[in-house]
Amino acid sequence: MRGLAGPVMVEVFTVATRDAKQCLDITASVDAIVRRSGAASGLCHVMVLHATAAIAINENDDPNIGVDLLRALDQAVPDHDGWLHDQIDNNAHAHIKAAIVGPSETIPIEKGELVLGRWQGIMLLEFDGPRPQRRVAVRILRDG
Ligand code: ZN
C-alpha cells in the first residue's frame, strides 16, 4: 500500500554515559543519521536498546532541566526503597524510571530535517550508569 511502507533505514549508534544518572543530548547524532538517510519527509523513530535507560524530548538549552527531571524521578521512585528486583541486581529504581519515561520517541522529518521545536532536543536518560556503551537504534521511515 503506497505511502504506508516506504523505504526504511536503520542505524545503531552508541554513547557512553559518565554518571549513575544523567541526561544526555543525542540530537546531533540522530540528526546526522537523518541527513545521511537523504529522507525528505517521513518519521524518525529513536529507541534506546536497554531496560535501565530511556528516551525523552525536552528542553536542550538549560542543562538544569535534565538535572531537575532526574531529581523529580528520584523523588517519585527512590533508590532501594524495598523494591523486589533489588534482590537480583540492585537497580529496580532504574527499571521503573525507564518504564515510566519509555524507551522511544518518534519525530517527524520535513524538508530533510527533524521537526523539533526551538527548545526541544532528544535526550537519552541514564538511570543505571555509568556505562561505556548505550545502544540507540534510529529507524527512518521515508514517505512514498
Ligand atoms: Zn536489573
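Let me confirm something: among Ala20, Ala40, which residue is touching a residue at least 24 places away in the same chain (Cβ under 8 Å), assigned to a loop (DSSP other than H, G, I, E, B), open to solvent by 50 Å² or more (accessible area, probe 1.4 Å) and within 16 Å of the ligand (Cβ to nearest atom)? Criteria check complete, one pass: Ala20.
Test of understanding: among Ile96, Ile55, Ile109, which residue is aliphatic (A, V, I, L, M), more than 16 Å from the ligand (Cβ to nearest atom), closer than 19 Å to Arg131 by Cβ and at pLDDT 95 or above?
Values: Ile96 fails: more than 16 Å from the ligand (Cβ to nearest atom); Ile109 fails: closer than 19 Å to Arg131 by Cβ.
Of Ile96, Ile55, Ile109, the one residue that is aliphatic (A, V, I, L, M), more than 16 Å from the ligand (Cβ to nearest atom), closer than 19 Å to Arg131 by Cβ and at pLDDT 95 or above is Ile55.
One residue stands out among those in segment 63-89 that are β-branched (Val, Ile, Thr) and under 17 Å from Asp19 (Cα atoms): the one that is farthest from the ligand (Cβ to nearest atom), which is Ile65.
The values are calculated or read from the model by the stated rules, or taken from the named source; none is laboratory data. In this text, all values refer to a predicted model and were calculated from it rather than measured experimentally. As a convention, Cβ positions derive from the backbone with ideal geometry for all residues, glycine included, and neighbour counts pool all protein chains shown. Just the protein is used for accessible areas: all its heavy atoms, side chains included, with ligands, DNA and RNA removed. Shrake-Rupley method; radii C 1.70, N 1.55, O 1.52, S 1.80 Å.
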